[in-house]
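Following: one structure in structure tokens, then a few remarks.
Any read-out appearing in this document is the output of simple, stated calculations on the displayed coordinates, not a laboratory observation. Quick caveat, the model's predicted, so the values are computed rather than measured. Cβ placement follows ideal geometry from the backbone for every residue including glycine, while neighbour counts extend to all protein chains displayed.
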């Protein structure tokens, strides 16, 4: 039987949590909120492989553990914390069991409601990024195939309402827009509990990608959003989209900031001589394989973009950039 945890907010509302395997090696936390009037589902895993079966099994385990009958058909509202497939991919399956209204932030709405269009534009921008980063055409194709594999398994679904900062979500849940990891990433506050989604995790430093691929991502947005959450009062416990509860959300946000600041310093050291993003990524992360190659390139790109925007890096090969319509950019510390 799945393990199910129960978290009680200081205002009496309850959140149940159980794990679902969204991808091999990636466990998503699924939350079911009982606000006394309705049941609210926060995220729904990837919908890939056995994830939907595990979602159903999680509800069965919740019912058994707490001696109450709860299933997907009892859900009254669905809140999607951000537009990454391990959080929204199970939505078509969930909507087979309930007509509950679905809410997501405006900046991630089209990821759910017009998925094919969003995928087309984001994949083109990713291809351009990989070219400018210095990734060979042959290897680009391999990375793009990995990028597109799971994303082509989702079918667009309508969104019934938007999650907006300053406007409570159903159940009186406070919404904080925290772009960076994802354009429409939100944290949700219920009493003294903060659902941090993938903005702040207990062990992992959440992945970053450059804004050149997707607007309202980028390291600058992310660092500002960490500061925003550090200033939210009355948070006793953070509940992430993955991993363990966070007992000190503000302190964990500061730790994540320091990781990025150290990474920025390392890049400045690497770029004492001109380097492409692919070169910097290899120096920064060493040998990685499979999908982690793409993650490392995007993470490096986010940091290089941040330094370049602030004038701490400059393009070292302007002549080549002027001659070539798709140049590999080499960066050097200023």
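General observations
- Share of pairwise Cα-Cα distances greater than 14 Å in the stretch 264-333 is 57 percent (whole percent).
- By average C-beta atoms within 10 angstrom, highest first, the peptides 123-135, 293-305, 35-47, 258-270: 293-305, 35-47, 123-135, 258-270
- Relative contact order [Cα under 8 Å, 6+ residues apart], the stretch 4-116, whole percent: 22 percent
- For the chain: relative contact order, % (alpha-carbon pairs under 8 angstrom, 6 or more apart): 14 percent
- Taking Cα atoms only, the orientation of helix 249-270 departs from the longest principal axis of the chain by about 20 degrees.
- For 334, 81, the sequence from fewest to most other C-beta atoms within 10 Å is 334, 81.
- Residue-averaged [θ]222 nm for the chain, counting only DSSP H segments that reach four residues, each worth -39500 (n - 2.57): -12000 deg cm²/dmol
- Percentage relative contact order, the stretch 264-333, counting C-alpha pairs under 8 Å, at least six apart: 44 percent
- Looking at the chain alone, DSSP beta bridges between its own residues are antiparallel in about 70 percent of cases.
- The shape of the chain can be summarised by an equivalent ellipsoid whose semi-axes, obtained from the alpha carbon gyration tensor, come to 37, 22, 17 Å from longest to shortest.
- Angle between the chain longest axis and helix 291-309 axis [Cα atoms, degrees, rounded to 10]: 70 degrees
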